[in-house]
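The values are calculated or read from the model by the stated rules, or taken from the named source; none is laboratory data. What you see is a predicted model, and the numbers here were worked out from it, not measured in a lab. When we count neighbours, we look across all protein chains shown, and the Cβ atoms used for this are built from the backbone with ideal geometry, even at glycine. Quick note on the areas: whole protein, heavy atoms, side chains included, nothing else; ligands and nucleic acids left out. Shrake-Rupley method; radii C 1.70, N 1.55, O 1.52, S 1.80 Å.
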4 protein chains.
Amino acid sequence: MGEYEINKVEMSGNLKGIIPPTVTPLLSNGELDKKATERLTKHLLDGGVHGFFILGTTGEISSLKPSIKKELISLTCRLVDRAVPVIVGITHTALDSSLKFAKVAKENGADYVVSAPPFFFPLDQQDILAYYTRLADLSPLPLFLYNFPAMTKCSIEPDTVEELSKHSNIVGIKDSSGNGVYFQNLLSIKRANPEFNVFVGPEELLVQSVYSGADGAVAGGANIFPSLYVKLYEAVIAGDKEKINRIQPIIMEISRKIYACSGKSSSYLSGIKESLYYLGICESNICLPMLSVDNATKEQIRHNLEKIIFKIKTLG
Amino acid sequence: MGEYEINKVEMSGNLKGIIPPTVTPLLSNGELDKKATERLTKHLLDGGVHGFFILGTTGEISSLKPSIKKELISLTCRLVDRAVPVIVGITHTALDSSLKFAKVAKENGADYVVSAPPFFFPLDQQDILAYYTRLADLSPLPLFLYNFPAMTKCSIEPDTVEELSKHSNIVGIKDSSGNGVYFQNLLSIKRANPEFNVFVGPEELLVQSVYSGADGAVAGGANIFPSLYVKLYEAVIAGDKEKINRIQPIIMEISRKIYACSGKSSSYLSGIKESLYYLGICESNICLPMLSVDNATKEQIRHNLEKIIFKIKTLG
Amino acid sequence: MGEYEINKVEMSGNLKGIIPPTVTPLLSNGELDKKATERLTKHLLDGGVHGFFILGTTGEISSLKPSIKKELISLTCRLVDRAVPVIVGITHTALDSSLKFAKVAKENGADYVVSAPPFFFPLDQQDILAYYTRLADLSPLPLFLYNFPAMTKCSIEPDTVEELSKHSNIVGIKDSSGNGVYFQNLLSIKRANPEFNVFVGPEELLVQSVYSGADGAVAGGANIFPSLYVKLYEAVIAGDKEKINRIQPIIMEISRKIYACSGKSSSYLSGIKESLYYLGICESNICLPMLSVDNATKEQIRHNLEKIIFKIKTLG
Amino acid sequence: MGEYEINKVEMSGNLKGIIPPTVTPLLSNGELDKKATERLTKHLLDGGVHGFFILGTTGEISSLKPSIKKELISLTCRLVDRAVPVIVGITHTALDSSLKFAKVAKENGADYVVSAPPFFFPLDQQDILAYYTRLADLSPLPLFLYNFPAMTKCSIEPDTVEELSKHSNIVGIKDSSGNGVYFQNLLSIKRANPEFNVFVGPEELLVQSVYSGADGAVAGGANIFPSLYVKLYEAVIAGDKEKINRIQPIIMEISRKIYACSGKSSSYLSGIKESLYYLGICESNICLPMLSVDNATKEQIRHNLEKIIFKIKTLG
């Protein structure tokens, strides 16, 4: 435990900025595309991202078989090679299964783990508190909470987060709820405990969240345009309102024209993977139970992407 | 129609800032407390608010009988006496009933009306578009949309808002969803059409919303502390980060310690009315179907309020 | 109160069977179609229905202006002329408005009123209990509860129903939740208090509900085919499984082929009104905020209706 | 495939009646309690149940680590020894993980597998159709669908079930939605395809469902009182209304007094496991993320159980 406590102090100090929730590049046979993973990792490091969040919702964690998850952890940690922190998603419905991957993460040199609450049974706040306490007690790496009610059916309420933030092995939270009042409550917790890391999920909220005190954003679009999100983050830190006003409309265009091209549940993920395919980084294969968007939508995404790329180039 | 169009240009130009959704002061027999309405109106005008939004959710519109609604419209318009714009809530499930009150508002000299979608039947976007188009066609005063899915079960989706924003008698939207991505989409609509007014509902989001381009906030807490919210608004406009950082924690304390003292659905409203009772402005009576919070909670609210008042005083 | 108590004993004794929630026939200008109301009333009485439930969800209560509601109450009571009980919907968000129509119902000779909980604010069970107690205390006619969470956002939980069933002016409940376990709990309440009337909303559940002890069904399809539902009810009472097995598939065909022809929120209501138009009883006009289904759907409904009519004829 | 097709014809013919979703007996260290599993299996076979459904929601499938699931499959198949069919839950979010356990089930001689839809991402009907088609294509045992929207966030809509019912390796559905209209739609599908097995989840609906044409019930309470549910099932088949009327109130008492003693999400499961502890069959340990009900509730459950046992004894 001593080892970890050093981690907490050392690492939480420098965990901030843009942390892409990386997609999991897949071959058409469903296995991990290792070459593409290399290309993606290089693309992100070149883009200046401040960390990697692998095996999140965008990484299709729940749909992958264990062997792929292990390969991805090992490969990513090796490729990143401690250039930036690696956070590994261990969300599962069974505590033992989460812990098994926390150990894999630790053995491969990852820095943190992150877990949403178990998502089959409806849970109350007592259940959530007890579960996270146990998970943090047993995790060999410091733990991030992950709030995503649209997936898990439950919200980790502010009082629960506050209580959990006192656990020595819990270092922060990623909030993908999109709920503004909830997020302000997280920032109140951070004001009282500045070492507690608060990251926002929806990248559309990057500006206002970082402006309000958040540590950064877990921005899916940073898979495609890592340096764009890094520039936007830096503009907020610098208080460069003029630059923000030029970039934020592009962020919103990515949101509406790349992620929301279809009503399919895969719309957001297909938007990112189609864009990465366009950029020559990986195939656009996604895992069941999600089905890719149809060809007309793919065409539309590519068309919209070209316009966005043009706008980014003219940003300078 | 000509008359209204002048209004649109003239008035939307100056509609911004802090617009309290006023409580409806009630006697213990359920009738309007006119003396208290006078005290409240003076309190708000003295506090520097930029407008009045009467008969909103905070005004218990859905629980009031027609005669009280008429009295309140008439009395408020007379008391405000065009010092600032008055926006009158006309939300109802029947179009004719909404229009009836729009006419009352017009006759009494109010400036705008605001309506949430009908809230009994589940509606789709086509229904919402058609309903608002008809309401705006027939309304004698310019209309604000009001998005509040927690009450109405439906969201006025961004594409629908965009379409409605082109209607000559629709001048803006108040969004109480608390959904950050949704609100950013509203701001995109405003970027393309700057005359379209966008107000945020949850006052916890005032800072980030105005910072991001919103026109202001419909802040319930401004019933209690009008000048506090006005100062915060002005600090955001001025980019005074230091002042924001001193006020925002108080806003969050009002949220958690006054509004969220109980799990009752009346918790927010009772929090405001108990505070106004403490300040000598009105009784804390509320209408069925909402029940007041219990006495222990009332005591707690008053205790928390005293601490908040002390902090506000030390702000300077 | 004495007068009403006589009512309770006398009337609840004979309130059972098929009670159509009648549609409100409308002219194209939005006013009540009185001639069509006469035709509909005769159609239902000829079909042998056991009661009328006017101004329910199917009657578009929430969308109608007060003058139409008054006309419909007066006209229906006069036309039915005490042949069967008339139950008048008084659902509203404001207690005073509900009571105003309860008085109109009483003055016109209706037998009962029925009200869903107020549906704007989210309510808890204490709120619901207090509201119904007050409404029942003040109502000049015996009151039915009306559970319809899909519209009102709240469920009147079994413990609350049990408590309310002891009120001398509350005589029963109509449950439109479609929730089987909930309904079995209502039947447990009825077992302990047999005078408490329990009616099922979704007509697809008529057979199993009456078989299990319910008093009858508030069947929307009985607007179109009153005698079909009456026959089905009688078959269940008689334990005529063979007849049930011939009719129930037709009930399900009406459900899927008339009510579910479209994804519009008006799908069910348009299905009934288009069918009544086909039968020459009334126009298919419906009120905002609901929009009629499109013409292709109307065509489909009529086509399906013809097949259903043929099957009903061959039933014998 | 030839082998399985024989299964489908032979077995679906005799799959009906009471199939308990068995609890998973656990030691205090979280491992499988094999002795208790033996006692439970004997208890159920002695009680005359018509099949076993292991690793369902009641079996805490989502909370168990893989090794326990394998042990339980192997042990149960050996203990049941083909006396009645064994159905094995394989619900998971990853297709490969579901298939892995389908193979384990096959190897141990189980008869069927059953799976709810993947439950992390929100899915539409296309997603659900594609997923089940793939799962059924690859499953070595015939597959049951499992509808449980309260856990999975999605409903397998009737049109989707109808389409899937045509797959040669899909033999039926268990519906735990409690939605009466939905269930009637399933029975319509069964009318057109009588070999498609339709089981109801909530045991409170056993009577009305079997009366309406369902094949039986997956009744959690049959863990405690197997012969009671078997008798009730036989009474419905025999049309013995008098016996039904004596047993159904006890079923409802189990529902309200054993399952609903607490607001905890574990309330239903703790109710069953506490009862089994009282009967000397297994410990009441349950898995994280669910927490046991508190001691006062346990005491209440035991007290209520004694009263229920007395009533069952006096049934004769």
Original post:
Does any residue in segment A:24-45 that is without any contact (Cβ under 8 Å) to a residue 12 or more places away in the chain come within less than 9 Å, Cβ to Cβ, of a residue that is crowded, with 21+ Cβ neighbours inside 10 Å six or more places away or on a different chain, and which pairs are these?
Top reply: A:35/A:25; A:35/A:282
**OP:** For residue C:137, indicate whether it is open to solvent by less than 10 Å² (accessible area, probe 1.4 Å) and of a type in the set (D, E, K, R).
**Re:** no
Original post:
residue A:263 passes all but one of (1) of a type outside the set (Ser, Thr, Tyr); (2) within 14 Å of chain D (Cβ to nearest Cβ); (3) in a helix (DSSP H, G or I); which number fails?
Top reply: (3)
Original post:
In the list A:102, A:110, which residue meets the criterion of being among the aliphatic types (A, V, I, L, M) and closer than 28 Å to residue D:265 by Cβ?
Top reply: A:102
Original post:
How many of the residues in segment B:109-142 are part of a strand (DSSP E or B) and out of contact with any strand residue (DSSP E or B) (no Cβ under 8 Å at 6 or more places or on another chain)?
Top reply: 0
Subject >> Selection from segment D:103-120 of residues that are more than 12 Å from chain A (Cβ to nearest Cβ) and in contact with a helix residue (DSSP H, G or I) (Cβ under 8 Å, 6 or more places away or on another chain) >> reply: D:104, D:105, D:108, D:109, D:110, D:111, D:112, D:113
Original post:
Just one of the numbered conditions (1) touching a residue at least 60 places away in the same chain (Cβ under 8 Å); (2) more than 14 Å from chain A (Cβ to nearest Cβ); (3) under 15 Å from the mean Cα position of the chain (by Cα) is not true of residue D:48; which one?
Top reply: (3)
**OP:** Quick one: count up the residues across segment B:232-243 that are among the charged types (D, E, K, R), within 14 Å of chain A (Cβ to nearest Cβ) and either touching a residue at least 12 places away in the same chain (Cβ under 8 Å) or assigned to a helix (DSSP H, G or I) (or both).
**Re:** 2
Subject >> Residues of segment C:134-180 that turn out to be within 14 Å of chain B (Cβ to nearest Cβ) and out of contact with any helix residue (DSSP H, G or I) (no Cβ under 7 Å at 6 or more places or on another chain), as a count >> reply: 10
**OP:** Name every residue in segment B:175-193 that is open to solvent by less than 20 Å² (accessible area, probe 1.4 Å) and either under 17 Å from the mean Cα position of the chain (by Cα) or not polar (S, T, N, Q) (or both), in order of residue number.
**Re:** B:175, B:176, B:178, B:180, B:182, B:183, B:186, B:187, B:189
Original post:
So which residues in segment B:244-258 are open to solvent by less than 20 Å² (accessible area, probe 1.4 Å) and either without any contact (Cβ under 8 Å) to a residue 12 or more places away in the chain or not aliphatic (A, V, I, L, M) (or both), if there are any at all?
Top reply: B:248, B:255
Original post:
Of the residues D:268, D:277, D:229, which single one is away from chain C (no Cβ under 14 Å), among the aromatic types (Phe, Trp, Tyr), outside any loop (DSSP other than H, G, I, E, B) and touching a residue at least 24 places away in the same chain (Cβ under 8 Å)?
Top reply: D:229
Original post:
Quick check: anything in segment B:202-217 in contact with a Lys or Arg (Cβ under 6 Å, 6 or more places away or on another chain), more than 10 Å from every other protein chain (Cβ to nearest Cβ) and among the aliphatic types (A, V, I, L, M)?
Top reply: no
Subject >> Extreme residue, farthest from the other protein chains (Cβ to nearest Cβ), among residues of segment A:121-133 that are of a type outside the set (Ser, Thr, Tyr) and open to solvent by less than 10 Å² (accessible area, probe 1.4 Å) >> reply: A:128
Original post:
Here are A:262, A:267: which of them is within 19 Å of the chain's Cα centre (by Cα) and of a type in the set (S, T, N, Q)?
Top reply: A:267
**OP:** Mind listing whichever residues of segment B:89-102 are facing chain C (nearest Cβ under 10 Å) and aromatic (Phe, Trp, Tyr)?
**Re:** none
Original post:
Across segment B:150-161, what is the total count of residues that are out of contact with any strand residue (DSSP E or B) (no Cβ under 8 Å at 6 or more places or on another chain), surrounded by fewer than 21 Cβ atoms within 10 Å (Cβ to Cβ) and under 25 Å from residue C:118 (Cβ atoms)?
Top reply: 3
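Say we look at segment D:165-212 and pick out the residues that are hydrophobic (A, V, I, L, M, F, W, C) and outside any helix (DSSP H, G or I); which of these is farthest from residue C:248 (Cα to Cα)?
Filtering segment D:165-212 for residues that are hydrophobic (A, V, I, L, M, F, W, C) and outside any helix (DSSP H, G or I), the one farthest from residue C:248 (Cα to Cα) comes out as D:170.
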Original post:
Can you name the number of the only condition in (1) closer than 14 Å to residue A:286 by Cα; (2) not in a loop (DSSP other than H, G, I, E, B) that residue A:30 fails?
Top reply: (2)
**OP:** Identify all residues within segment C:268-297 that are under 17 Å from residue C:62 (Cα atoms), among the polar types (S, T, N, Q) and either open to solvent by 10 Å² or more (accessible area, probe 1.4 Å) or touching a strand residue (DSSP E or B) at 6+ places or on another chain (Cβ under 6 Å) (or both); write none if there are none.
**Re:** C:285, C:292
Original post:
How many residues, within segment A:280-303, are of a type in the set (Gly, Ala, Ser), within 14 Å of chain D (Cβ to nearest Cβ) and in contact (Cβ under 8 Å) with a residue 60 or more places away in the chain?
Top reply: 0
Subject >> Residues of segment A:66-118 classified as charged (D, E, K, R) and open to solvent by less than 50 Å² (accessible area, probe 1.4 Å), total >> reply: 2
Subject >> Any pair with Cβ under 6 angstrom, 6 or more apart, that starts in segment D:88-114 at a residue that is closer than 14 Å to residue D:145 by Cβ and ends at one that is charged (D, E, K, R) and surrounded by 24 or more Cβ atoms within 10 Å (Cβ to Cβ) >> reply: none
Original post:
residue B:53: crowded, with 20+ Cβ neighbours inside 10 Å, more than 14 Å from chain C (Cβ to nearest Cβ) and closer than 25 Å to residue C:289 by Cβ, yes or no?
Top reply: yes
